[in-house]
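**Q** What follows is a structure written as structure tokens; I'll ask about it next.
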Amino acid sequence: MTHRKKKKIAGIVRLSMLILLPSVIAASASCIGRINHLLKNESKTAEEQSAYAVTREDNTKASEYKKTASVSPDDLLTGSLILSEGYGVNDETTDTSPKVKLKDPTKTVSDNAGPKPYPTSWGDGGTIIRNTYQPYSGNCFFDLENGGQVNNKSDIPNETLIEESRCLPNFEIGSSDQPQVLIYHTHTSESFEPYVRESYDPSFNYRTTDETKNVVMVGDAIQAELEAQGFNVIHVRTIHDYPSYNGAYDRSRASIQPILEQYPSIKVALDIHRDAISGENVAYQPYITVDNKEAAQIMIISGCDDGTLDMPNFMKNFHFASSLQQQLESDTPGLTRPILFDYRKYNQDLTTGSLLIEVGSHGNTLEQVQYSGQLFGRSLARLLKTLKKED
């Protein structure tokens, strides 16, 4: 090869390197960046897994919630903190829960509305006040560590109840095909407003035997969410408060006691009601907006014993109530009103997971309370999953 040809080839090689050099530099930088990113992620994942393992071990050993950091009451009340100890320890990046689609209660027509149908036309005369209950202050109220409040109407000191509220529920959920949850309604005929409006019809006493328009419909929404998560539910649809309101608790007790005896696998018994918040010519509609949809606010009632009610295990129900309240507030901040802790029995002596649930009030609408039933059912399912007994 002549010197001239060698010089020409060398020139071509240098020119090619000059053209390719920027691309090579960019590609190298990209590779280095990706390697650093992967190393950081790998380190982060290892740290998270280690933290999760410690949390899991603590939860297995613990009989109470442990407070791992000092937080302000403001943070707790706004729902900005998620309860992660005792339950909810699984890392969830996406919601893979089955989507439950329910029938629109305003358009559902009952095959058998019973002796007291839901009205088909409406008058007015009373005022409906739409409101959202905020956290309360006062000596009888105290904040739960991970969201929500308790309204203590008993003589038990708040300090004692605060300690008790940290305890886990006192039962485990079996993994068999046997039923685990019982839903029933002492005041089965309790009903609601048809839709959002400014006034209500004073001639309607907000009771109907049409189960598509009373609290049975709310129970259906809770049941659907629980069953979608794999829990077996018995839903007692018997009307206990019509034609006679008096004696309804005795009749509901007679309905559910044989079921609890037949299925000892049932650990949770929920009596689903609606409240009746009203004044003179006024009905209140307590609600919040969740994902651009209105939901009725919910109140849990956990009864206690002054020595005359034969409820030796009432504090175990309170443990469950506190866990459930915190789960509800963690999932949907603002959904609950304070737990009512008072000297009331309400058949809560039958299990250590017995509670009365007030879903909205008579001023709330059918759609609002159905949606609240869904939200309640989803949160209850999340809590119960953490209480499942491992085989």
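**Q** So how do 174-185, 320-331, 264-275 stack up, highest first, on mean other-Cβ count within 10 Å?
**A** 320-331, 264-275, 174-185
**Q** So how do 213-225, 239-251 stack up, highest first, on mean other-Cβ count within 10 Å?
**A** 213-225, 239-251
**Q** Report, in listed order, any pair from 103/345; 153/388; 101/385 with a Cα-Cα distance greater than 25 Å.
**A** 103/345; 153/388, as the Cα separations exceed 25 Å there.
**Q** Multiplying the sequence separation of residue 100 and residue 291 by 0.36 nm and subtracting their Cα-Cα distance, what value in nm do you get?
**A** Full-extension gain reported as 67.2 nm.
**Q** Once label points are set 7 Å from the Cα along Cα→Cβ at both residue 280 and residue 244, what is their separation, rounded to one decimal in nm?
**A** Result: 3.5 nm between the two label points.
**Q** A further question on this structure: Under 20 °C and 1.002 mPa s, how fast does segment 233-391 diffuse according to Stokes-Einstein, given a Kirkwood radius computed over C-alpha pairs? Answer in µm²/s, whole number. Before the final figure, lay out the partial values.
**A** On the way: Rh = 16.7 Å.
The diffusion coefficient I find is 128 µm²/s.
**Q** For residue 274, what is the net charge nearby, where nearby means another residue's Cβ is under 13 Å from its Cβ and Lys, Arg count +1, Asp, Glu -1? Show your work: numbers first, answer last.
**A** Details: positive: 207, 213, 337; negative: 190, 193, 241, 271, 275, 358.
Here the count lands on -3.
**Q** Any idea how far apart residue 263 and residue 111 come out in nm if each label point goes 7 Å out from Cα toward Cβ?
**A** Modelled inter-label distance: 2.1 nm.
**Q** Take the alpha carbon gyration tensor of segment 330-391, find the square roots of its eigenvalues, order them as a ≥ b ≥ c, and report rounded if a/c is under 1.5; if not, report prolate when a/b exceeds b/c, else oblate.
**A** Numbers: a/c = 2.10, a/b = 1.18, b/c = 1.78.
The shape class here is oblate.
**Q** I've got another one for you. How high is the FRET efficiency from residue 163 to residue 309, r the C-beta distance, R0 30 Å, rounded to 0.05?
**A** The formula returns an efficiency of 0.85 here.
**Q** Still on this structure, I have one more. Rg to Rh for segment 120-277: what is it, with Cα atoms only and Rh by Kirkwood?
**A** With Rh from the inverse mean 1/r over Cα pairs, Rg/Rh is 1.02.
**Q** Further, regarding this structure: Could you order the peptides 159-168, 364-373, 127-136 from most to least packed, using the average number of other C-beta atoms within 10 Å per residue?
**A** Highest to lowest by the protection proxy: 364-373, 159-168, 127-136.
**Q** Give me the extension gain from residue 120 to residue 156: residue separation times 0.36 nm, minus the current Cα-Cα distance, reported in nm with one decimal.
**A** Difference between extended and current length: 8.2 nm.
Readers should treat all values here as calculations from the given coordinates under stated rules, not as data from a laboratory. On a predicted model such as this, the values are computed, not experimentally measured, just so you know. Backbone-built Cβ (ideal geometry, glycine too); neighbour counts: all protein chains shown.
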